Amino acid sequence: MKALRDRYPANEYALMYEVRNATGFSGRVRSADAVAMSLWPSRGLNLHGFEFKASKSDWRRELAQPEKAEEICRFMDYWWVVATTNGIVRLDELPENWGLLELRDGKLKCLKKAPKLKPQPLTKEFIASLFREAQRQIIPETEVQKRIDSEVSRVRSELVDLNRASVNMVQERFDKQLAEATDWMDRFEKAAGSNRRMAWRRIQPEDLGKAVAVIMDNGVEQHMQRLEHMKNQVESLGAAVGAAYDACLSYTKGEIDEESTDPLQAGDGESHHGRREDGDEARRREA
């Protein structure tokens, strides 16, 4: 019972369970549910005997045969009844020289302190019984080492499994990220055009990142609007250049036609030549 060990800690008491009044099967065999031996001389090297009671019927049988407890109680300095449930043992039923402990919320509460008894000298039979129970509770050194080795092996196996699981998890995460990166690069190269594949790979990651940042900060739509505006301007400029070209072409053609249909005679060529020079000078001034 853990509560009993808590009340009688291992560094202060030797605690043994199912202690008989003697070894062997000679005479009447009686036993105590537990015996605790105080180990500190300053507190008195006393023996405490305990009887556990889990029901009223068990307690009534104990009261009907008090001589059963006397077989071991006579060697004890203190004798206790331990009730595992509230209300099993009433104080007015308890023998005068017995104490009462009751289990409540996992702890033993003392309802009546056991009085100091006048124990009889220990017999060799009872001493042998105490030693036998103590020996049963001692774990052999080989068994201790066996348990230690088993626990070390178990922990080591768990650590290996844990490491293996961690490595697998990291590998799965890496494979997933690699597949995503490969897919991203394939889609990027497809959008950029196969003829630019080697060109963009020469771009430094920092420069590419800055370009993406600019686009993300300013917005793709705004850049598209600017490009559309530039396209319209270029188209307008092209139209203006085309119109100017057509005008110049028409003008040049008209001048040629005028020379070919001049009504003046060759003798009047000098006057005609003078008029053409005057016309050229006027056009230069207008320009």
| field | Peptides 35-48, 230-243, 115-128 ordered by average Cβ neighbours within 10 Å, highest first | value | 35-48, 115-128, 230-243
| What is the extension gain from Asp149 to Asp175, computed as 0.36 nm multiplied by their sequence separation minus the C-alpha to C-alpha distance, in nm to one decimal? | 5.5 nm
| request: Please get the size of the charge dipole for the range 1-121, origin at its Cα centre, with Cβ charges of +1 on Lys and Arg and -1 on Asp and Glu, quoted in debye to the nearest 20. | output: 140 debye
| remark: Here the FRET efficiency for Cys110 versus Val160, based on Cβ atoms and R0 = 41 Å and rounded to 0.05, is 0.20
| Which listed residue (Ala83, Pro119, Ala134) has the Cα farthest towards the positive end of the charge dipole for the range 52-181, taking +1 on Lys and Arg C-beta and -1 on Asp and Glu C-beta about the Cα centre? | Pro119
| field | Cα-Cα over 32 Å, subset of Lys68/Lys146; Lys56/Lys107; Lys124/Lys146 | value | Lys68/Lys146; Lys124/Lys146
| task | Excluding residues on the same chain fewer than 8 positions from Lys210, give the lysines whose Cα lies under 29 Å from its Cα. | result | Lys176, Lys190, Lys231
| request: Could you check the simple spin-label distance between Leu45 and Ile127, using points 7 Å along Cα→Cβ, in nm with one decimal? | output: 1.1 nm
| request: For the range 2-138, evaluate the Debye formula with one uniform point scatterer on each Cα (no solvent term) and list log10 I(q)/I(0) at q = 0.21 Å⁻¹, rounded to two decimals. | output: -1.44
| query | How would you rank 160-169, 63-72, 15-24, highest first, on the average number of other Cβ atoms within 10 Å across their residues? | reply | 15-24, 63-72, 160-169
| Among all the lysines, which ones have a C-alpha under 19 Å from Lys113's C-alpha, if same-chain residues fewer than 8 places away are not counted? | Lys53
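Each value in this text was obtained by applying a stated rule to the coordinates, not by laboratory testing. Computed from a predicted model, the values in this text were never measured in an experiment. When we count neighbours, we look across all protein chains shown, and the Cβ atoms used for this are built from the backbone with ideal geometry, even at glycine.
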